[in-house]
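Before any comments, here is the structure.
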Amino acid sequence: MNEPLAAPKRRRKGIYLLPNLFTTGTLFGAFYAIVASMAGHFADAAQGILFAMIADSLDGRIARMTNTSTDFGKEYDSLCDMAAFGIASSIVVYAFSLHFLSEYQWLGGKLGGVLAMTYATCAALRLARFNVLAAISGSSKDFFGLPSPAAAAVVVFFVWTADSYHLSGEEVLLPASIITLGAALLMVSSIRYNSFKKVNLSGRMRFLPFVAVIGLMVLVASNPPLILFLGFTIYAMSGPVVALYRRLRSRSPQAPAN
């Protein structure tokens, strides 16, 4: 006798408020950064991206802690990430510095817009690839390519640092162009980056790591633009440096065994 068919599972209606509220915070940071950069307030724009980064780092953790992860939340998070770390970040660096490239007649004076659009496009490609890989293989302790929040941090916190030292966008046009293009290419590269997903901030911690965390917080508080820019730049460069080291190590001749 055939067993009765199980009743199909009912799909849950509605969305979870708490994690999606933090995801909306990412979108708010993006909107604030765009409006502030249009008004020429680049420190405020950078702080909007920083707010978006904090909100983006919390929404996923809260969803996992409260067991409220949904496909809707994942898609919403990806769209808000694109707004903050792709569109808004490219607008900030363009409004601050890249628009000065219009004075040079390469590509008809549109080189600044091309660089900003290249960054935004690479951010979209990076997020799309992340979603595909996450659906196929699940979470991993490594990222492939520089994560878009880290890329946005390098680009936008450079703007924040230059602005805090009263440097105009025209004065830092060359490094701004190099940093924007470099961050874009690192996002779409296949270089591995540590995701730090195994870091457990809610569990017990040894004394020395605890002191190191407190020291890092004090260091950031002493000069937020410069320290944040240097910290994320070191993280961005760690991927290529480690990849180069591994390649050189694999090519080095092995010592003969006795």
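Values quoted throughout were computed directly from the atomic coordinates according to the rules given, and no laboratory measurement underlies them. Please read all numbers here as calculations on a predicted model, not as lab measurements. Neighbour counts are summed over all protein chains in view; Cβ atoms, including those assigned to glycine, are modelled from backbone coordinates with ideal geometry.
With both labels modelled 7 Å from their Cα along Cα-to-Cβ, the Met217 to Leu244 distance reads 3.5 nm.
Each of Arg192, Arg247, Arg126, Arg61 was scored by other Cβ atoms within 10 Å of its Cβ. Listed from fewest to most, they are Arg247, Arg61, Arg192, Arg126.
Projected label points at Ile136 and Ser69, each 7 Å from Cα along the beta carbon direction, are separated by 1.9 nanometres.
Ranked for footprinting exposure by Cβ neighbours inside 10 Å, fewest first, Asp59, Asp71 give Asp71, Asp59. Here the label points at Ser168 and Ser195, each 7 Å from Cα along the C-beta direction, are separated by 4.5 nm in the simple model. With one equal scatterer per alpha carbon and no solvent term, the Debye-computed log10 I(q)/I(0) for the stretch 44-123 at 0.12, 0.22, 0.27 1/Å reads -0.46, -0.97, -1.19. In the stretch 65-163, Rg over Rh equals 1.08, where Rg is the alpha-carbon radius of gyration and Rh the Kirkwood radius from pairwise Cα distances.
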